[in-house]
1. Need a quick list: helices (runs of 4 or more DSSP H) entirely within the range 44-144 having at least 2 residues that are assigned by TED's automatic domain parsing to the domain that holds residue 158 and not hydrophobic (A, V, I, L, M, F, W, C).
2. Based on what the data block shows, is residue 28 outside the structural domain of residue 142 (by TED's automatic domain parsing), among the aromatic types (Phe, Trp, Tyr) and assigned to a loop (DSSP other than H, G, I, E, B)?
3. Look at residue 160 and say whether it is assigned to a loop (DSSP other than H, G, I, E, B), modelled with pLDDT of 95 or more, assigned by TED's automatic domain parsing to the domain that holds residue 186 and of a type in the set (Gly, Ala, Ser).
4. For the range 134-153, which positions are buried (at least 19 other Cβ atoms within 10 Å of the Cβ) and farther than 14 Å from residue 183 by Cα?
5. Is it the case that residue 46 is of a type in the set (Asp, Glu) and either farther than 28 Å from residue 229 by Cβ or modelled with pLDDT of 95 or more (or both)?
6. In the range 27-50, what count of residues is obtained for those that are among the basic types (Lys, Arg) and in contact with a Gly (Cβ under 9 Å, 6 or more places away or on another chain)?
Amino acid sequence: MSDPSPPPAARLAVKPLAAAPSFRDRAYLALKEAITAMDIYGQTGEVRLDERQLSQQLGVSRTPIREAMTLLEQEGFVRTRPRRGIFVVRKTKREIVEMITVWAALESMAARLATLHAADAEIAGLRRLMDAFTNGPPAHLEEYSEANIAFHQAIIRLGGCALLSEMTENLFIHMRAIRRVTIHQDNRAARSIVDHMRIIEALERRDTEAAESLVRRHTLDLAAHVERYGDFLERDPGNPAAAGG
C-alpha cells in the first residue's frame with residue numbers, strides 16, 4: 001500500500017523584500033543610535049521627542065517617524081504619554097540596580113568565555129585601550145568615560161557568544177548612561193582603572209575563575225554605588241523638557 005501524499009504546503013501571505021531599507025527602518029536606526037548616545041541621567045527632567053522636529057532633521061515625513069517610535073516603544077526605549085507626548089525612558093533607581101545586576105551576570109560569563117576562546121591579540125587590545133590611563137584618569141574624565149564604556153563592550157564581544165551580545169544590547173543604553181554619570185563620583189574613575197588592569201591580567205593568564213569573579217565584582221560595585229548614591233534617579237522630573245527645543 002503506497003504512502004499517502006503529503007499535505008499541500010501552506011502558502012504564506014508574504015510580500016517581496018524591499019531592495020533597500022525603508023524610511024521607517026532608517027529612522028529607527030538613527031533614533032536608536034541617538035538615544036543610546038545621549039546623557040539620559042546626567043540632566044534634570046525627562047526628554048520629550050518632537051515628531052515634527054525629528055521629521056525635519058531626518059528629512060522624512062512624520063509617518064516613518066511614528067512607525068519607528070512604535071518599534072522603539074516596544075523595545076522599551078521610549079514611552080508614549082497621552083496628551084503629553086513621547087519621552088525617552090528613564091529607569092528608576094531600583095530598575096537600574098536590577099539592570100546592573102543582570103549585566104554583571106552576563107558580562108562575567110563573557111569574561112569566562114573570553115579566557116577560553118578569545119585570541120591573544122584581542123585581549124591585547126584591552127590593554128592598549130587602557131594604556132593611556134596607567135598613570136590615572138585624565139583631568140577631564142570624558143575621555144576615560146568613553147574608554148570605560150568601550151572596555152565593557154569589548155568584554156562582551158570577546159566572549160564570542162552572539163546570544164550574550166543580543167541580550168545586552170537593549171541594556172546597554174542605560175548602562176552607558178549610568179556609567180557616564182557615576183564615573184565622576186566618589187573617585188570611581190581611579191578605582192575603575194585598577195579593576196580593569198586586574199581583569200586584563202586575569203584574561204592574559206587565561207585564569208577563568210579569576211576573570212569571571214573580577215568582572216562580576218567590578219560591576220556589582222557599580223550596583224552598590226547606585227544603591228547608595230543614586231537618589232538623583234528618583235527625582236521628580238517635573239515638566240518634561242522638549243528635546244532640542
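The values are calculated or read from the model by the stated rules, or taken from the named source; none is laboratory data. Note that the coordinates shown come from a computational prediction; the quantities given were computed from them, not determined experimentally. Note that each Cβ is placed from the backbone with ideal geometry, even for glycine, and that neighbours are counted across all protein chains shown.
1. 93-117, 120-131
2. No.
3. Yes, satisfied.
4. Result: no residue meets the conditions.
5. It is false that residue 46 is of a type in the set (Asp, Glu) and either farther than 28 Å from residue 229 by Cβ or modelled with pLDDT of 95 or more (or both).
6. Total satisfying the criteria: 1.
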